[in-house]
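> The structure follows.
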Amino acid sequence: MRYGFQAEALVKRFGTNTALGSVDFAARPGTVLSMLGPNGAGKTTAVRILATLLRPDSGTAMVGGVDVVRQPARVRRLIGIAGQDTSVDEDLTGTENLVLIGRLLDLRKAEAAARAAELLERFELTEAAGRRAGTYSGGMRRRLDLAASLIGRPAVIFLDEPTTGLDPAKREEVWRMIRTMAGDGTTVLLTTQYLEEADTLSDDIVVLNRGRVIANGSPAELKQVVGGQTIQLRATDPSQVGEAAAILGSVAGHVPEQVGPGMLTVPVVGDGAFTEVVRQLAASNIAVTELSLRLPSLDEVFFTLTGRHTAEPEREQEVTA
């Protein structure tokens, strides 16, 4: 199988510091692979190797079946990159920015203009196409930056913290654009500090810590690291919390934990437990304001694996001595 990108036994050292120690990961074409890890885990180093900006000390890295060391120029034709900071020229209009990049990629003038118009429409920037990018909002600039990374129709795009600094509404806009990219067949490598973002967008996740892969799989598979499902319940009438706890305990076989005012949680095995809890609550006339069956959050998984609650923003330092 040809992957969108893959790494096998990838090693990179900076002096005595091992940034990557025999790392393996791969992404199927047209999917989103998120790379998570605490500060200094090796995420940025891995991305820079795949983008031909760093040479590995050993191991192999491939993009679209092309070796990043042996054929870097060919790899660069296959990829697009959008970093943490937008790279658009604020003195140029949206159209001018995209046409300029198209021309730098050897597109004919008419072809570059047509591609720019296509992407401006896709990223909902047509009405602002003639305005200077410096007048754009943060979300609009980010969308323009993503459009710029797609001018050359890359098979693979690397998104390094693409929503850092955006408010929730703007972040949702970018998420929608990323889903569109993957839906169009582009393979996406996403590094992010937002675990909700990885959970929402990812087909697969790789967790790095101290330069090594410590877990990989789909979001649902990684959540099994913490354990199975849990039922959460909040009784409408506080006087019925004890009776509700007894029902949860009898169905789950565990003593429920109170995690907030009137909020009970208990681990369960299988979906049938939830149905039985609902039946017994109804039979006992216990009304609830909240009742849910859920897997552990990705934040809980991350904490279990790394001892930290969030994937911190990463600005890795290359140690040279």
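The values are calculated or read from the model by the stated rules, or taken from the named source; none is laboratory data. The model shown is predicted, which means the values in this text are computed figures rather than measured ones. Cβ: placed from backbone, ideal geometry, glycine included. Neighbour counts: every protein chain shown. The protein model used for the area step is the full one, side chains on, heavy atoms only, and it has no ligands, DNA or RNA in it. Shrake-Rupley method; radii C 1.70, N 1.55, O 1.52, S 1.80 Å.
> What would the Debye formula give as log10 I(q)/I(0) at q = 0.14, 0.16, 0.24 Å⁻¹ for the alpha-carbon point model of segment 110-196, no solvent?
For segment 110-196 at q = 0.14, 0.16, 0.24 Å⁻¹, log10 I(q)/I(0) is -0.48, -0.63, -1.35.
> Give, rounded to the nearest 20 debye, the magnitude of the charge dipole that the chain has about its Cα centre when Lys and Arg contribute +1 at Cβ and Asp and Glu contribute -1 at Cβ. Don't jump to the answer; show the numbers that get you there.
Working: 34 positive and 40 negative charges, 242 e Å.
Magnitude of the dipole: close to 1160 debye.
> For segment 1-87, just run the numbers: alpha carbon Rg, then divide by 2.2 N^0.38 Å, N being how many residues it has. Don't jump to the answer; show the numbers that get you there.
Working: Rg = 12.6 Å, N = 87, 2.2 N^0.38 = 12.0 Å.
So segment 1-87 has a normalised radius of gyration of 1.05.
> Percent of Cα-Cα pairs per 10 Å bin, from 0 to the last occupied bin, for segment 239-305, please list those.
Percent of pairs per bin, in order: 19, 52, 23, 5, 0.
> Kindly sort Ser22, Ser149 by accessible area of their heavy atoms, largest first, with the probe set to 1.4 Å. Before the final figure, lay out each step's value.
On the way: Ser22 65, Ser149 15 Å².
Highest to lowest solvent-accessible surface, that is Ser22, Ser149.
> Just to be sure I understand the model, the point goes 7 Å from the Cα along the line to the Cβ. What's the resulting Arg77 to Glu121 distance in nm?
Here the modelled spin labels are 2.8 nm apart.
> Sticking with this one: With just the Cα atoms defining each centre, how far is segment 115-167 from segment 1-62? Give it in Å.
After rounding, the separation between the Cα centres reads 26 Å.
> Next question, about the same structure. Using a 1.4 angstrom probe on the protein heavy atoms only, could you order Val156, Val251 from most to least accessible area? Working shown, then result.
On the way: Val156 0, Val251 40 Å².
The ordering from most to least exposed comes out as Val251, Val156.
> Something else now. Rounded to the nearest percent, how much of the accessible area of segment 211-259 (1.4 Å probe, protein heavy atoms only) is carbon and sulfur? Each step should come with its number before you reach the end.
Details: 1220 of 2540 Å².
Carbon with sulfur: 48 percent of the solvent-accessible area.
> Could I ask something else about it? Leaving out ligands and nucleic acids, note down the accessible area per residue over the chain with a 1.4 angstrom probe, in whole Å². List each step's numbers first, then the result.
Working: 15090 Å² over 321 residues.
Roughly 47 Å² per residue, with all protein chains present.
> Which of the listed residues, Ala133, Phe158, Ala148, is farthest toward the dipole's positive end in segment 113-163, when Lys, Arg count +1 and Asp, Glu count -1 at the beta-carbon?
Value: Ala133.
> For a quick check of understanding: with a 1.4 angstrom probe and all protein chains in place, what accessible area in square angstrom does Asp184 have, to the nearest ten?
Here the residue's solvent-accessible area equals roughly 90 Å².
> I would also like to ask the following. Rounded to the nearest 5, what is the percent of antiparallel bridges among the DSSP beta bridges in the chain?
Working: 35 of 52 bridges.
Percent antiparallel among DSSP bridges in the chain is about 65.
> Additional query: Between Thr304 and Thr164, 0.36 nm times their residue separation minus their Cα-Cα distance comes to what?
Numbers: separation 140, 0.36 × 140 = 50.40 nm, distance 2.42 nm.
Gain on stretching Thr304 to Thr164: 48.0 nm.
> Given a 1.4 angstrom probe, I'd like the percentage of the accessible area of segment 1-155 that is carbon and sulfur, rounded to a whole number. Don't jump to the answer; show the numbers that get you there.
Working: 3400 of 7140 Å².
On segment 1-155, the fraction of accessible area on carbon and sulfur atoms equals 48 percent.
> Efficiency by 1/(1 + (r/R0)^6): what FRET value for Val255 and Ala113, r their Cβ-Cβ distance, R0 = 45 Å, to the nearest 0.05?
Working: r = 67 Å, r/R0 = 1.49.
So, using R0 = 45 Å, E works out to roughly 0.10.
> Accessible area, 1.4 Å probe, largest first: how do Leu291, Leu119 sort? Let's see the in-between values first.
Values: Leu291 55, Leu119 0 Å².
The ordering from most to least exposed comes out as Leu291, Leu119.
> Provide the FRET efficiency to the nearest 0.05 for the Leu92-Arg70 pair, computing r from the beta carbons and using R0 = 25 Å.
Numbers: r = 36 Å, r/R0 = 1.44.
FRET efficiency, Leu92 to Arg70: 0.10.
> Size of the dipole of segment 217-276 about the Cα centre, Lys and Arg at +1 and Asp and Glu at -1 on the beta carbon, nothing else charged, in debye to 20?
Details: 2 positive and 6 negative charges, 28 e Å.
Here the size comes out at about 140 debye.
> Let me ask something else. Calculate how large, on average over all directions, the projected area of the Cα convex hull of segment 137-238 is; give the answer in nm² to one decimal. Can you show the working numbers first?
Details: hull surface 39.3 nm².
Convex hull of Cα atoms, orientation-averaged projection: 9.8 nm².
> In straight Cα distance, which aspartates and glutamates are under 13 Å from Lys43, not counting same-chain residues fewer than 8 positions off?
Once the sequence-local aspartates and glutamates are set aside, what remains near Lys43 is Asp24, Asp160, Glu161, Glu312, Glu314, Glu316, Glu318.
> Would you kindly find the accessible area of Val206, with a 1.4 Å probe and non-protein molecules such as ligands, DNA and RNA excluded, rounding to the nearest 10 Å²?
In the full protein context, Val206 sits at about 10 Å².
> Convex hull volume of the Cα atoms in the chain, per residue, in Å³? Write out the running numbers ahead of the final one.
Values: hull volume 53.1 nm³, N = 321.
Dividing the Cα hull volume of the chain by its residues yields 165 Å³.
> Can I ask one more? Given the DSSP H assignment, sum -39500 (n - 2.57) over each helix run of at least 4 residues in the chain and divide by its residue total; what's the result at 222 nm in deg cm²/dmol, nearest 500? Numbers along the way, then the final one.
Details: 11 runs with 111 residues, N = 321.
About -10000 deg cm²/dmol.
> Now a separate question. From a point 7 Å beyond the Cα of Ser292 in the direction of its Cβ, which residues of segment 143-185 have a backbone N at a distance under 15 Å?
none
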